[in-house]
């Protein structure tokens, strides 16, 4: 179970959530909603490409998504708290993670807040979960994923499971969010556990 941090006398669980421009913005939105429901403090970063994807793929407005987060930052704000290793958090999730973002992280190209926050998460040896979204995968994609996996980054394509007999997209989203919670060490009842 994830231990809460003590920060200025307060106990908290804090997760950085980023939404990149790959298809599947709903993964990040659903994860953010479930973290909010669990009382987890969230630091949200949405790329400009993600804002366009959200508009094309969902009925959400970016303002409504930002209201779900405890704190939100512009992707160009390299001075935002998640850009520093001294800013404490228990982990970061990029959902979905585009191949462009994956490549930037794998090669230390911290040209925006998402990439810088991921870079900091790796250097501080905190949990980084990348819900990579592309199909099919090229050898370049696979090499970048392998490079990061060898550093301890969790490569977690949002592949749905069906043993829990989902009846809706919402059921699929909750199961995936719960599996991310598992990676972050956050106790949850979102996942229907396999019992054989």
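The values are calculated or read from the model by the stated rules, or taken from the named source; none is laboratory data. Everything quoted here is computed from the prediction, not taken from an experiment. All Cβ positions, glycine included, derive from the backbone under ideal geometry; neighbour counts span all protein chains shown.
Odds and ends about this structure:
- Residue list for region 52-85, restricted to those being part of a strand (DSSP E or B) and out of contact with any strand residue (DSSP E or B) (no Cβ under 6 Å at 6 or more places or on another chain): 74
- For region 91-103, the condition holds for no residue, the condition being that it is more than 14 Å from residue 14 (Cβ to Cβ), without any contact (Cβ under 8 Å) to a residue 40 or more places away in the chain and surrounded by fewer than 24 Cβ atoms within 10 Å (Cβ to Cβ).
- Qualifying residues in region 170-192 (those that are closer than 15 Å to residue 126 by Cα and part of a helix (DSSP H, G or I)) - the one nearest to the chain's Cα centre (by Cα): 180
- Long-range neighbours under 8 Å by Cβ, at least six apart or interchain, first residue at pLDDT 90 or above within region 157-168, second loosely packed, with under 11 Cβ neighbours inside 10 Å: 163/194
- Count of residues meeting criterion [assigned to a loop (DSSP other than H, G, I, E, B), in contact (Cβ under 8 Å) with a residue 12 or more places away in the chain and out of contact with any strand residue (DSSP E or B) (no Cβ under 6 Å at 6 or more places or on another chain)] in region 122-137: 3
- Residue list for region 79-90, restricted to those being buried (at least 16 other Cβ atoms within 10 Å of the Cβ) and over 25 Å from residue 182 (Cβ atoms): 80, 81, 83
- Cβ-Cβ under 8 Å pairs, at least 6 apart or on other chains, region 12-26 side part of a helix (DSSP H, G or I), far side crowded, with 24+ Cβ neighbours inside 10 Å: 25/19; 25/50; 25/96
- Of the residues making up region 33-46, those that are in contact with a strand residue (DSSP E or B) (Cβ under 7 Å, 6 or more places away or on another chain) and either exposed (fewer than 14 other Cβ atoms within 10 Å of the Cβ) or part of a helix (DSSP H, G or I) (or both) are 35, 36.
- Scanning region 142-169 for residues that are under 18 Å from the mean Cα position of the chain (by Cα) and not in a loop (DSSP other than H, G, I, E, B) yields a total of 6.
- Only one of 49, 30 that is over 22 Å from residue 175 (Cα atoms), part of a helix (DSSP H, G or I), in contact (Cβ under 8 Å) with a residue 24 or more places away in the chain and in contact with a helix residue (DSSP H, G or I) (Cβ under 9 Å, 6 or more places away or on another chain): 49
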